[in-house]
Amino acid sequence: MPFINGKYYINPTFGRAIELARMSEEEQRAAEPQHEPAHKGRPGGSGDSYDPATTPEGVANQIYNETAGLRATDQRGNGPGSDWDLQQARFAIAHVIENRAASGIAGGLASDEIKNPGEVKAIKRMGSKAYDAHGESVYAAHRAGKQPDPTNGAKHFYLEYGQGPPRWARGQAPAEVFGPFSNPTGKGDATKDSSVKIVVLP
């Protein structure tokens, strides 16, 4: 049975990558002095009014806050809506966050902190959906710091759940589209049980 750090993974290679990324993040957090992130900007886009984070931990938290409620709709393959597709979406979002930070674009993203005590506990509970989602977000953030940008410098994304594109995105050709995923928790902007796509734009 492919258990890594006491957690069962169907794909052991993927599981090891997640656990290594998680350990790397914890080691980095222990080695670096603690500081408060600088937040500024106005609300807009797909979340709160926070600036893009500049640390892997902050980027991971932003990815988690944007995608924690999403679930794969394809349980067997690697196509649209699969676990693999959701991980690729998180990887793309990590690059969008980094691209926005490099361009000085403020706001329009979820927080780079996880403040809800219940959510923090859920993330630490091995085997929970939150634990998996955060581990995959950590993995995506670390990958983005080392691997080429598949979005070709994209700086925007939004969650499409039947409401149509936001005004700023109308008429633009997507750089990438991921999903559809389900949203059984109702977290985030998307309505509960809606079919959700992640649309990445230049």
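The values are calculated or read from the model by the stated rules, or taken from the named source; none is laboratory data. What you see is a predicted model, and the numbers here were worked out from it, not measured in a lab. Backbone-built Cβ (ideal geometry, glycine too); neighbour counts: all protein chains shown.
Applying the selection to the range 63-92, what residues are under 15 Å from the mean Cα position of the chain (by Cα) and β-branched (Val, Ile, Thr)?
Of everything in the range 63-92, those that are under 15 Å from the mean Cα position of the chain (by Cα) and β-branched (Val, Ile, Thr) turn out to be 63, 67.
Search the range 73-87 for residues that are under 12 Å from residue 136 (Cα atoms) and in contact (Cβ under 8 Å) with a residue 60 or more places away in the chain and pair each with any residue that is assigned to a loop (DSSP other than H, G, I, E, B) and not β-branched (Val, Ile, Thr) when their beta-carbon atoms are under 6 Å apart and the residues are at least 6 apart or on different chains.
From residues that are under 12 Å from residue 136 (Cα atoms) and in contact (Cβ under 8 Å) with a residue 60 or more places away in the chain, the pairs are 86/72.
Does residue 107 fit the bill of being surrounded by 13 or more Cβ atoms within 10 Å (Cβ to Cβ) and either without any contact (Cβ under 8 Å) to a residue 12 or more places away in the chain or not β-branched (Val, Ile, Thr) (or both)?
On the way: surrounded by 13 or more Cβ atoms within 10 Å (Cβ to Cβ): yes; either without any contact (Cβ under 8 Å) to a residue 12 or more places away in the chain or not β-branched (Val, Ile, Thr) (or both): yes.
The answer is yes for residue 107.
For the list (1) of a type outside the set (Lys, Arg); (2) under 20 Å from residue 80 (Cβ atoms); (3) surrounded by 15 or more Cβ atoms within 10 Å (Cβ to Cβ), I need the number of the one condition that residue 122 fails.
Checking residue 122 against (1) of a type outside the set (Lys, Arg); (2) under 20 Å from residue 80 (Cβ atoms); (3) surrounded by 15 or more Cβ atoms within 10 Å (Cβ to Cβ), the one that fails is (2).
Sort out which residues of the range 147-168 are among the hydrophobic types (A, V, I, L, M, F, W, C) and either modelled with pLDDT of 90 or more or within 17 Å of residue 94 (Cβ to Cβ) (or both), and write them in order of number.
Taking the range 147-168 first, the residues among the hydrophobic types (A, V, I, L, M, F, W, C) are 154, 157, 159, 168.
154, 157, 159 - these are the residues of the range 147-168 that are among the hydrophobic types (A, V, I, L, M, F, W, C) and either modelled with pLDDT of 90 or more or within 17 Å of residue 94 (Cβ to Cβ) (or both).
Among (1) assigned to a loop (DSSP other than H, G, I, E, B); (2) touching a strand residue (DSSP E or B) at 6+ places or on another chain (Cβ under 6 Å); (3) under 15 Å from residue 66 (Cα atoms), which single condition is residue 199 missing?
The number of the failed condition is (1).
Go through (1) modelled with pLDDT under 90; (2) more than 25 Å from residue 101 (Cα to Cα); (3) in contact with a strand residue (DSSP E or B) (Cβ under 8 Å, 6 or more places away or on another chain) one by one and return the number of the condition residue 192 breaks.
With respect to (1) modelled with pLDDT under 90; (2) more than 25 Å from residue 101 (Cα to Cα); (3) in contact with a strand residue (DSSP E or B) (Cβ under 8 Å, 6 or more places away or on another chain), residue 192 is out only on (3).
Working only within the range 119-161, note down all residues that are in a loop (DSSP other than H, G, I, E, B) and hydrophobic (A, V, I, L, M, F, W, C). Give the derivation first.
Let us first name the residues in the range 119-161 that are in a loop (DSSP other than H, G, I, E, B), namely 125-128, 145-155, 161.
Listed by number, the residues that qualify are 126, 154.
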